[in-house]
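Q: Submitted below is the structure of interest, expressed as C-alpha cells.
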Amino acid sequence: MEAPAAATRHVLFLNWRDTRNPEGGGSEVYVERIAGELVRRGHRATLLCATHVNGLAEEVTAEGVRVLRRGGRHTVYLRAALLYLAGALGIGPLTQSHGGRPDLIVDVCNGLPFLSALYARRPVIALVHHVHREQWCVVLGRWLARFGWWVESWLAPRVYRRCQYVTVSTATQVELASLGIDPARVAIVHNGTPDMTVRAVQRSTHPSLVVLGRLVPHKQVEVALRTLANLAEELPGLTLTVAGQGWWEPQLRQLAADLEVTDRVRFTGFVSDQEKRELLAASWVALTPSIKEGWGLTIVEAAAVGTPTVAFRGAGGVEEALVDGETGLLADDIDDFVAKARLLLTDETYRSTMGEAARAHAGRFTWPVSGEKFAALVMRAAKAPARTPTEQVATTYLLP
C-alpha cells in the first residue's frame, strides 16, 4: 500500500457493469483497476453498478474498492440518482463510515451516460472509452438506435459541457471533438497492461488463431470464422479458439456449421485469467475484428505474451494498442483481414519478430502510471467549486 495522499477523496464510479458481470469486458477492467490505483494512493473508491447473478449487493474487492450493486441493466441509472440523492439527505449506503458522501463522481458513459452532472452537487468526470456511432444500429433497432445516438451525440455533450473528460486513446479524443467537445477538456489515460505472467507454454504445433472477448454482434467474431474458413484448405491443421461468452454465441455456432468449420472451432465460454494467458501464449495469431474499441485491451494482452494481432484499421483505439507493421497488422476490409492473417500464419520469422516487438510495446503501458495520471485529475477536479442543482441545469441547457 502506498503512502496516503496529502489530501484524500472519496470517488464514486458509476458504471452499468462490473468485472464479475457475465457481460463485463475491458471497460469494466479499466474502471476497477483505476479505482484500485486510487485506493493505493490513499483515496476511497466506490463502484455503483447493476446487480447480476455473480455478485452480492455489496462487497469489497481485494484492492479495497467498495462495490454496490443496485437495479438492473436499465434501471441502474435511476437507482444511481436515487442513491446519490438519498446520501445528500443523510440516508443510504453513501453515508456510512466506510465511504461517506463522495467528493467526486466518475460517470462512465458506455453509450448511455448516467447524466449525474444534472443532479450531483459534486464535480463530475465523464469517462468515455469510445463513441458508439457505428454500434447503435448493430445492437438496437432503427428507432432505438436513433434515440441512443441522440443521447450520446447531442444530449450528453450538453449535460457534461463543463466537466472534465477522460478517454483511453487519441482516436476517441478526436471523435469526441467531432461531437463538439473541446480536446483541451479531454485527458487521455491509457489502459495498463494486465499481469500476463504465465507458466512455460509452448506454441501449438499446428497453425492456430484465437479471438477473445464478449460474444456480441459488434465484436464481429463472424470475421474470425470466415477467416478460418477461407484459410482451411491452404492450412489443413488450422484451428480457431473463441474465448468468451455472450448472447450471440448460438448465431456464431450456426455460422461455423454453415461454413463447415465446426470441427476446427472451439468455443471455450468464460475463461479465467490464467486460462486466458495460456490461450493467448499458445496461439500463433490473435484476431480482433471488432467494429470499434476504445483501446483494444485484448490486443495488448496478446502482445504481452508475444502474440501479434490482426485488427481493422479505423476501429478506434486499436490503432494505438497495435503498431501497424511492427506489433500487428491492420486490415482495410474482410479480404485484407484474411490476407493479413495468412501472412502471419505462413511466415514464422515475420511472426516471431513481430511478437517480440509486441511484447516490448505492451510493456510501455502500466496501471501504476495510468493510476497516477487519473489521481492527478481527481485532485484537480475535486478542487472545482460545487454548483447548486439550479446552476447545473442552467449551464447544461444555456449556450455559452
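The values are calculated or read from the model by the stated rules, or taken from the named source; none is laboratory data. If you're wondering where the values come from, they're calculated on a predicted model, not measured in any experiment. Every residue, glycine as well, gets a Cβ built from its backbone with ideal geometry; the counts of neighbours run over all protein chains shown.
Q: Kindly indicate whether any position in segment 169-179 is of a type in the set (Val, Ile, Thr), within 23 Å of ALA331 (Cβ to Cβ) and not in a helix (DSSP H, G or I).
A: So in segment 169-179, the residues of a type in the set (Val, Ile, Thr) come out as 170, 172, 174.
With within 23 Å of ALA331 (Cβ to Cβ) added as a condition, the list becomes 170, 172, 174.
Cutting the leftovers down to not in a helix (DSSP H, G or I) gives us none.
No: zero hits.
Q: May I pose another question? Out of everything in segment 207-232 that is of a type in the set (Val, Ile, Thr), under 15 Å from VAL285 (Cα atoms) and touching a Phe, Trp or Tyr at 6+ places or on another chain (Cβ under 8 Å), what residue ends up being surrounded by the fewest Cβ atoms within 10 Å (Cβ to Cβ)? Can you show your working first?
A: Step one: list which residues in segment 207-232 are of a type in the set (Val, Ile, Thr), which gives 210-211, 216, 221, 223, 227.
Next cut, under 15 Å from VAL285 (Cα atoms) only: 210-211, 221, 223, 227.
Restricting the remaining residues to those that are touching a Phe, Trp or Tyr at 6+ places or on another chain (Cβ under 8 Å) gives 221, 223, 227.
Working: VAL221: 28, VAL223: 23, THR227: 27.
So, considering only residues that are of a type in the set (Val, Ile, Thr), under 15 Å from VAL285 (Cα atoms) and touching a Phe, Trp or Tyr at 6+ places or on another chain (Cβ under 8 Å), the one surrounded by the fewest Cβ atoms within 10 Å (Cβ to Cβ) is VAL223.
Q: Whether any residue in segment 184-195 is β-branched (Val, Ile, Thr), modelled with pLDDT under 90, in contact with a helix residue (DSSP H, G or I) (Cβ under 7 Å, 6 or more places away or on another chain) and buried (at least 17 other Cβ atoms within 10 Å of the Cβ) is what I want to check.
A: As a first pass, look at segment 184-195 and keep what is β-branched (Val, Ile, Thr): 186, 188-189, 193.
Now drop any that are not modelled with pLDDT under 90, which leaves 193.
In the following step, the residues that additionally are in contact with a helix residue (DSSP H, G or I) (Cβ under 7 Å, 6 or more places away or on another chain) were identified as 193.
Still in the list and also buried (at least 17 other Cβ atoms within 10 Å of the Cβ): 193.
Checking segment 184-195: at least one residue is β-branched (Val, Ile, Thr), modelled with pLDDT under 90, in contact with a helix residue (DSSP H, G or I) (Cβ under 7 Å, 6 or more places away or on another chain) and buried (at least 17 other Cβ atoms within 10 Å of the Cβ).
Q: Separate question: Please note which strands (runs of 3 or more DSSP E) are completely contained in segment 61-143 and include at least 3 residues that are surrounded by 15 or more Cβ atoms within 10 Å (Cβ to Cβ) and among the small types (Gly, Ala, Ser).
A: Values: elements: 66-69, 104-108, 124-127.
Answer list for segment 61-143: none.
Q: Give me the pairs, please: first residue somewhere in segment 31-54 and touching a residue at least 24 places away in the same chain (Cβ under 8 Å) and not assigned by TED's automatic domain parsing to the domain that holds LEU14, second residue anywhere and crowded, with 24+ Cβ neighbours inside 10 Å and in a strand (DSSP E or B), beta-carbon distance under 6 Å, and either six or more positions apart or on two chains.
A: none
Q: Report yes if some residue within segment 143-158 is over 19 Å from ASN15 (Cα atoms) and touching a residue at least 40 places away in the same chain (Cβ under 8 Å); otherwise report no.
A: yes
Results for (1) under 20 Å from VAL310 (Cα atoms); (2) modelled with pLDDT under 95, shown as yes or no for each residue.
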site: VAL201; (1), (2): no, yes
site: SER204; (1), (2): yes, no
site: LEU209; (1), (2): yes, no
site: ARG214; (1), (2): yes, yes
site: ASN230; (1), (2): yes, no
site: LEU235; (1), (2): yes, no
site: LEU238; (1), (2): yes, no
site: GLY246; (1), (2): no, yes
site: ASP263; (1), (2): no, no
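Q: Still on this structure, I have one more. What single numbered condition from (1) more than 16 Å from VAL124 (Cα to Cα); (2) free of Cβ contacts under 8 Å to residues at least 40 places away in the same chain fails to hold for ARG69?
A: (2)
Q: Checking the conditions here, which among HIS129, HIS74 is modelled with pLDDT of 90 or more, under 20 Å from the mean Cα position of the chain (by Cα) and closer than 30 Å to PRO289 by Cα? Step through it out loud before you land on a result.
A: Values: HIS74 fails: modelled with pLDDT of 90 or more.
Going through HIS129, HIS74 in turn, just one is modelled with pLDDT of 90 or more, under 20 Å from the mean Cα position of the chain (by Cα) and closer than 30 Å to PRO289 by Cα: HIS129.
Q: Also, quick follow-up: If you take the residues in segment 154-183 that are crowded, with 20+ Cβ neighbours inside 10 Å and among the β-branched types (Val, Ile, Thr), which one is farthest from ALA321 (Cα to Cα)?
A: VAL159
Q: So, in segment 338-350, exactly how many residues are in contact with a helix residue (DSSP H, G or I) (Cβ under 6 Å, 6 or more places away or on another chain) and under 17 Å from ALA315 (Cβ atoms)?
A: Residues meeting the conditions: 2.
Q: Checking LEU240 against (1) surrounded by fewer than 19 Cβ atoms within 10 Å (Cβ to Cβ); (2) closer than 15 Å to TRP284 by Cα, which test does it fail?
A: The number of the failed condition is (1).
Q: Please go through segment 302-342 and pick out each residue that is touching a residue at least 60 places away in the same chain (Cβ under 8 Å), within 25 Å of GLU175 (Cα to Cα) and of a type in the set (D, E, K, R).
A: GLU319, GLU320
Q: Mind listing whichever residues of segment 296-332 are β-branched (Val, Ile, Thr) and crowded, with 23+ Cβ neighbours inside 10 Å?
A: Taking segment 296-332 and keeping what is β-branched (Val, Ile, Thr), we get 298-300, 305, 307, 309-310, 318, 323, 327.
Listed by number, the residues that qualify are THR298, ILE299, VAL300, VAL305, THR307, THR309, VAL310, VAL318, THR327.
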